[in-house]
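The values are calculated or read from the model by the stated rules, or taken from the named source; none is laboratory data. What you are looking at is a predicted structure, and each value in this text was computed from that prediction instead of being measured. Note that we place each Cβ from the backbone using ideal geometry, even for glycine, and neighbour counts take in every protein chain shown. To get the accessible areas, we keep the full protein, side chains included, count just its heavy atoms, and leave off ligands, DNA and RNA. Shrake-Rupley method; radii C 1.70, N 1.55, O 1.52, S 1.80 Å.
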Amino acid sequence: MGSNLGELLIREKLISAEQLKEALDYEKKNKVSIGSALIALGHITEEDMAQALSRQLGYPYIDLGQFEVYPDVIELIPADIARKHMIMPIHRIRSFLTMAMVDPTDLDVIENVRFRTSLSIQPVIASESGIMESINKYYGASDSLRVKEIIDEIEQADDGSVNVIEEEEEEYDIQELTRSTEEAPVITLVNTIFMDAIKKGASDVHFEPYERSFRVRYRIDGVLHEMMDLAMKFKNPVISRVKILSSMDIAEKRLPQDGRLKMRVKWGDDNRKEVDMRISCVPTIFGEKIVSRILDRENLQLDLTKLGFEKQSLNLFNEAIHRPFGIILVTGPTGSGKTNTLYSAISNLNSQEKNIMTAEDPVEFYMPGINQVMIKEEIGLNFASSLRSFLRQDPDIMLIGEMRDYETVDIAVKAALTGHLVFSTVHTNDAAGTIARLINMNVEPFLISDSLILIVAQRLVRRLCKKCVEEHKITPEALIDIGYSPEEAEKVKPYKAKGCSVCSDTGYKGRVGLFEVMEITNEIRDLILAKSQPKDIKAAAMRNNMLSLRKSGLQKIKDGVTSIEEVLRETVRDMEVKRGDNDSGTAETDG
């Protein structure tokens, strides 16, 4: 019983009566156990609670990481019961079941398990995080467990249940291949992999064939994680099933293909969502590799204040997007969040008085009130032709998915110079490098300086998990080496990733942007006209107090948002630059 646990901890003088009352209120409000409530409120640690229970009740306290649990024992208690009551079966001898519990005073749970298993229960005590790690290890996430069951089902089936096409064969029996993709185990396996990926918050699912295996990986918070390694017999049915779902030609195995897929996902009583997927298929030496990009609208953050902009950078960006004309460029590698930033900007500007038109390849998210055009290169509908057509549609604001060539840039410049606000992206490493990229596309420097008003460079780093974050002990010298001033190095208290059940033991949960916002000032316009080097343009911008990507990262380390490792992974150290004779102080720029 929850109240028994609270009274026991009060007797041990580990909590006060007031803290117990607060925890009981928290328990009712958040529908968690009393032990979880006390830990969440910071009134007691898992270790202290477990040790106190062991002393008072005489049950042994164990480290679940030291135990290997057999499948026949796992099967005694369903996964949902184990998660709900924070229990873990460990060992069975004849009619006795040893069961790890966070709260062995909860006699209702013990009686429930005894009734389900017809076994006598011998409780032992373990920490909540230890039990959760064991549940994830042995039961897996619910969908991961279902995937394992499906795989076992297919493995044990007769050869006729899944039609496997040998790799050596140059010709495929399309009817047989189609039939194999329509069998229930294959359909369920593919659906469950996608369901599991969506529930875990993955942005991409990779189906990768190799010589002797077929690997499935998810990209979660920007990092790939291997989820399963299947036998080669799964390769053709699974890949063909995904191709059929996304309207690709399953007979074509020599050329890359692209497709789209929409899924309605439901789990539990309240969780329902509809997601779009962009599917890309590329032939490799061991078969076709498929990558599915999951476009979950719930993950689209349209609030500019929550993207990660520092206050100074956000003010510059806000001022620029509300100008009546000019070009605003967002730059960064694939997967750095450029689309989210652009969508946030035009969503902020969207009103009945504005005609906003976009050309995208592809349209990732539908936005009410905005006219969105999907690029189709195969029929001649490219960025340049779309932009040219937009100018005949009385636009106020235009978004061009990417400036890839001179023609697109030339039309965008002319649009900006004739009273339109134009947003677009370019693939460069930093804001200053964008100028060189435009000049490289044969755009005249005077057109760049007259039309460009702002460039944003960005990266995404993982957020530290708030549940398990811990202080990172590091010397001031090391902090100075990554970019802090000696004064800052004495005050900064960085944090690092630890790992817990909430973040799947990664230490990170979610992502946040690092932003470098370069305003095109008169000084920078003069440098553009002089065709100056990117390092000189960036030095001038930083003399005007621009925050570099590294500086943005250092601020987020200081604020406890991310770790030193994440910032070092995505940014380079700023190199000191000298100011001119008329300047004072110091500035830094990337080398």
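What are the residues in the range 463-479 that are open to solvent by 50 Å² or more (accessible area, probe 1.4 Å) and either closer than 30 Å to SER532 by Cβ or in a strand (DSSP E or B) (or both), if any? ARG463, GLU470, GLU471 - these are the residues of the range 463-479 that are open to solvent by 50 Å² or more (accessible area, probe 1.4 Å) and either closer than 30 Å to SER532 by Cβ or in a strand (DSSP E or B) (or both). Pairing residues of the range 272-286 that are closer than 14 Å to ALA202 by Cα with residues that are among the polar types (S, T, N, Q), at Cβ distances under 9 Å and at least 6 apart in sequence or on separate chains, gives MET277/SER246; MET277/SER292; ARG278/SER246; ARG278/SER292. For the range 349-382, residues that are more than 15 Å from LEU295 (Cβ to Cβ) and in contact with a Pro (Cβ under 8 Å, 6 or more places away or on another chain) total 4.
When we screen ARG278, ARG293, ARG260 for residues that are modelled with pLDDT of 85 or more, closer than 30 Å to LEU454 by Cα and outside any loop (DSSP other than H, G, I, E, B), the only hit is ARG293. It is to be established whether one or more residues within the range 23-44 are over 32 Å from the mean Cα position of the chain (by Cα) and among the polar types (S, T, N, Q). Taking every residue of the range 23-44 in turn, none turns out to be over 32 Å from the mean Cα position of the chain (by Cα) and among the polar types (S, T, N, Q). Restricting attention to the range 313-322, does a residue exist that is closer than 28 Å to LYS200 by Cα, assigned to a loop (DSSP other than H, G, I, E, B) and either modelled with pLDDT of 90 or more or acidic (Asp, Glu) (or both)? No, the conditions are met nowhere in the range 313-322. Filtered by the rule that a residue be aliphatic (A, V, I, L, M), within 18 Å of VAL238 (Cβ to Cβ), modelled with pLDDT under 60 and open to solvent by 20 Å² or more (accessible area, probe 1.4 Å), the range 106-163 gives a lone residue, ALA157.
Residue count for the range 70-84 satisfying the condition of being more than 17 Å from SER129 (Cα to Cα) and surrounded by 12 or more Cβ atoms within 10 Å (Cβ to Cβ): 6. All of (1) in contact (Cβ under 8 Å) with a residue 40 or more places away in the chain; (2) under 30 Å from GLY513 (Cα atoms); (3) surrounded by 14 or more Cβ atoms within 10 Å (Cβ to Cβ); (4) not aromatic (Phe, Trp, Tyr) hold for ILE244 with one exception: (2). Mind listing whichever residues of the range 310-333 are open to solvent by 10 Å² or more (accessible area, probe 1.4 Å) and touching an Asp or Glu at 6+ places or on another chain (Cβ under 9 Å)? Matches in the range 310-333: LEU316, GLU319, PRO324.
Restricting the first member to the range 42-67 and to residues that are under 27 Å from GLU18 (Cβ atoms), and the second to residues that are charged (D, E, K, R) and surrounded by 13 or more Cβ atoms within 10 Å (Cβ to Cβ), the beta-carbon pairs closer than 6 Å and six or more apart or on different chains are GLU46/GLU128; ALA52/GLU12. Could you list, in sequence order, the residues of the range 211-222 that are open to solvent by less than 40 Å² (accessible area, probe 1.4 Å), part of a strand (DSSP E or B) and closer than 22 Å to ARG569 by Cβ? If the condition is that a residue be open to solvent by less than 40 Å² (accessible area, probe 1.4 Å), part of a strand (DSSP E or B) and closer than 22 Å to ARG569 by Cβ, then TYR218, ILE220 are the ones that fit. Within the range 86-116, how many residues turn out to be farther than 21 Å from MET49 by Cβ and more than 39 Å from the chain's Cα centre (by Cα)? Total meeting the criteria: 10. Quickly run through the range 482-503 and pick out the residues that are in contact (Cβ under 8 Å) with a residue 60 or more places away in the chain, closer than 20 Å to ASP574 by Cα and open to solvent by 30 Å² or more (accessible area, probe 1.4 Å). Result: GLU488, single match.
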